[in-house]
Amino acid sequence: MRKPFVKRLAYTAGIAIFALIAYSIGAACAQKARSTENKQQKQQKAAKVCSVRQARYYADWLRALVRAERIRAWQDRSEGARQAAWIMSKAQYALVQAKVDSDPKALMDPKKRQLLEDYYLLLLRAAHQSRQGVSAIAEEKGSRLRAYISPVDNSFQTYSINIPGSYDPAVPWPLIVSMHGHGWFRPFQGHPAPGYSGAFCLSPQGRGSTDYKDLGEDDVLCAIAEIKRDYNIDPNRVYLTGSSMGGTGAFHLGVHYADQFAAIFPIVGNADNLAWSLRWGWNRPFPGRFHSLRYWLQESHTARAFAQNLFNLPTYILAGSGDTIAPPEHSRFMTRELRDRGYRVEYREYPGIGHGGFPSNATNEGLAWMCSWTRNPYPRAITWKAAQLKHGKAYWLRMEQFARPTEFATLDAKVGDRNRLTINTSNLLALSCQRPTALFSHGKDILITIDGQNLRIANDLAPDHWLTLRRDPTHGWQEQIKVSMPTLSKKRGCEGPIHDAILAPFILVIGTQSPDPAMNEAWQREANSFADEWKRRNGVPCLSIKDTECNADIMQSRNLILFGGTSDNAISNQLGPFFPLADITTPLRAQNVNLDREDIGFMLIYPNVSYAPQRSVVMLSAHSPQAAYQCWGRFGNWFNWGVFDSKKYFDYAVYDARSASPETMLLIGWFGSDWQVESGS
């Protein structure tokens, strides 16, 4: 009975095994067929990549496009001109990424040939659309590279923007400003910008490795303005974040422009000069005539010194205990300062983590916390500190004039009931205030108590109108219209020191009038040296002309950097009588210093009184070619950081052959708020 069953079982098992073998063979054949088909498809796709000859044509076409779009972008400020700047930046990016100008064998790489072809097809369409007046030209998928023209040097400054796929222009959207880390001065830093669902992301170039200070901070603010111009951005949901140098930028812009952001998220950033001193001994105090000046300048560059400005700006700080590049003391000291003030701050320090390498949840938590806040544009109480007028705007208050140079100015204000406003200041001669309807009843007088003095101000002007109050020695604080004004006064954009002249539109004016050809050659050499350094840092040369080419239109529209004194430069000779050189050198003459020696040189900044008092003039003067040598670079690097190379923190200086730093200058100083030596420092 068992044998037939066993036979049937064996027969069934054999069939099953045979079927399994047949299936395996069939599957293997099918896999082989699919593999062959995929290989053929890849070969066909590879065959579609353009030839080297075609790629050369694309590269030449992109170069020509760069030249054409640059000219079109400079023609005016129309929408088409703005699009031309975008197209030009994309073409340049393609050429740089393909390395066609730096690597003779670059086009042997099919990926680079494909990149050139892709950008050729994209920009051929975009350029045609732009010339036809199309508002939404063809651009890259994902992050888009764009550029704007900087008024400082007419250069094209790039930025990268990532637009959320569900963007609806009828709804205001949040903007996350993500700042890149240190990359020296190579182009296109920050591109491609990170992508976040539900928010725009902007990644500015920031003029390269500037710590997002000076030109770098202006670049970030300009890029934000560009995005707001093109898209419906919620002004109360703009956020700052970045790692390494980007974290430094988040701290710096946060404390100086806190009224423009909803929250910040610095990651391993530089926030406190004392951290460098503690870890590496940088910039430690030592006895000398410039000890207090060094301390003030160092404090004016450190975010921790302005921590009080973050009273309305929530801050999330991320650091690693093992960081040897930006030691955690930066973040610890800043956090301690904010906590001592009772401000909204979250701090996360990961043990053993260095200058990066955080788990993804660490950054995600910081981003989520940051984006949970909405800006309050009208806080009832304000506390603010500034070292320069350009950093003196605090929501609905604004510093207009300092009383003394090389000192911080502060203000504390609080809105009370029934249109009452209390303000306490230090080192201020003038301030302005708006009267937003969220805080004041329009049409009713405002009762202001400022530094213990009571004023009644009519509130009949527009709420966003800036009402200026000024303090004079006789009557104290009054409305500015009731106070006599000095002939000259330091203002935003024209307040010094010398270095600030190159943070606004400027031009080099090279002297050619010396009877000594060697002197003219020396000034040309120094101007060339300045221009070369500018190009190294900014990618383009700055504007420069001969003194004989400088006209009234130029002097009214730009700051002037005059290479050559009154005997060497025609413009210096024309403007020089307005400069208080005799007052500057009085202390040296009292010490019987011979100022006629060949190794003596001068430099100063002063308003262009004759043509444009709101513009600055910097004059570099020397008695010999030897004294002119390296005149701009003599200040050196006082703070162990290349961002501040040759930065001139003073309004005027007198130097000789032994001068290479502030300690070795014969004299340095600052004009007072009225541009007079007597009221200065």
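The values are calculated or read from the model by the stated rules, or taken from the named source; none is laboratory data. As the structure is a prediction and not an experimental result, all values here were calculated from the model. Cβ coordinates were reconstructed from backbone atoms using ideal geometry, including for glycine residues, and neighbour counts include every protein chain displayed.
This table checks each residue for (1) closer than 25 Å to F156 by Cβ; (2) surrounded by 15 or more Cβ atoms within 10 Å (Cβ to Cβ).
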{"residue": "M519", "(1), (2)": "no, yes"}
{"residue": "W523", "(1), (2)": "no, yes"}
{"residue": "E533", "(1), (2)": "yes, yes"}
{"residue": "N538", "(1), (2)": "yes, yes"}
{"residue": "D568", "(1), (2)": "no, yes"}
{"residue": "I571", "(1), (2)": "no, yes"}
{"residue": "G576", "(1), (2)": "no, yes"}
{"residue": "Q591", "(1), (2)": "no, no"}
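Exactly one residue out of I161, I176, I137 is part of a loop (DSSP other than H, G, I, E, B), crowded, with 19+ Cβ neighbours inside 10 Å and of a type outside the set (S, T, N, Q): that is I137. The combined condition, being over 21 Å from L253 (Cβ atoms), β-branched (V, I, T) and either at pLDDT 95 or above or not assigned by TED's automatic domain parsing to the domain that holds K414 (or both), is fulfilled by T324. Based on what the data block shows, is D532 among the acidic types (D, E), in a helix (DSSP H, G or I) and over 30 Å from G183 (Cα atoms)? For D532, the condition - among the acidic types (D, E), in a helix (DSSP H, G or I) and over 30 Å from G183 (Cα atoms) - is not met.
The helices (runs of 4 or more DSSP H) falling completely within the range 1-119 that include 3 or more residues that are at pLDDT below 90 and either of a type outside the set (G, A, S) or assigned by TED's automatic domain parsing to the domain that holds P187 (or both) map to 2-48. Q388 satisfies every condition listed in (1) surrounded by 17 or more Cβ atoms within 10 Å (Cβ to Cβ); (2) more than 30 Å from Q478 (Cβ to Cβ); (3) among the polar types (S, T, N, Q) except (2). Residue selection: V643 fails the criterion of being under 25 Å from R615 (Cβ atoms), in the same structural domain as V593 (by TED's automatic domain parsing) and either modelled with pLDDT of 90 or more or not acidic (D, E) (or both). The set of residues from the range 467-498 being under 19 Å from F650 (Cβ atoms), touching an Asp or Glu at 6+ places or on another chain (Cβ under 8 Å) and hydrophobic (A, V, I, L, M, F, W, C) comprises L488, I498. Could you tell me whether the range 304-320 includes any residue that is assigned to a helix (DSSP H, G or I), small (G, A, S) and either under 18 Å from A258 (Cβ atoms) or in contact with a helix residue (DSSP H, G or I) (Cβ under 8 Å, 6 or more places away or on another chain) (or both)? Yes, the conditions are met somewhere in the range 304-320. Residues considered: W534, W523, W477. Of these, the only one that is among the hydrophobic types (A, V, I, L, M, F, W, C) and in contact with a Gly (Cβ under 6 Å, 6 or more places away or on another chain) is W523. Going by the structure shown, is L123 within 21 Å of P204 (Cβ to Cβ), touching a residue at least 40 places away in the same chain (Cβ under 8 Å) and among the hydrophobic types (A, V, I, L, M, F, W, C)? Against the criterion (within 21 Å of P204 (Cβ to Cβ), touching a residue at least 40 places away in the same chain (Cβ under 8 Å) and among the hydrophobic types (A, V, I, L, M, F, W, C)), L123 does not qualify.
One residue stands out in the range 535-574 among those that are of a type outside the set (F, W, Y) and either assigned to a strand (DSSP E or B) or outside the structural domain of D596 (by TED's automatic domain parsing) (or both): the one that is farthest from the chain's Cα centre (by Cα), namely K546. Counting only residues that are surrounded by 15 or more Cβ atoms within 10 Å (Cβ to Cβ) and under 19 Å from L411 (Cβ atoms), the range 451-465 holds 2 of them. In the set Q189, Q157, Q129, only one residue is within 27 Å of the chain's Cα centre (by Cα) and free of Cβ contacts under 8 Å to residues at least 24 places away in the same chain; that residue is Q189. On inspection, T422 qualifies as within 15 Å of I382 (Cβ to Cβ), in contact with a Ser or Thr (Cβ under 8 Å, 6 or more places away or on another chain), β-branched (V, I, T) and part of a strand (DSSP E or B).
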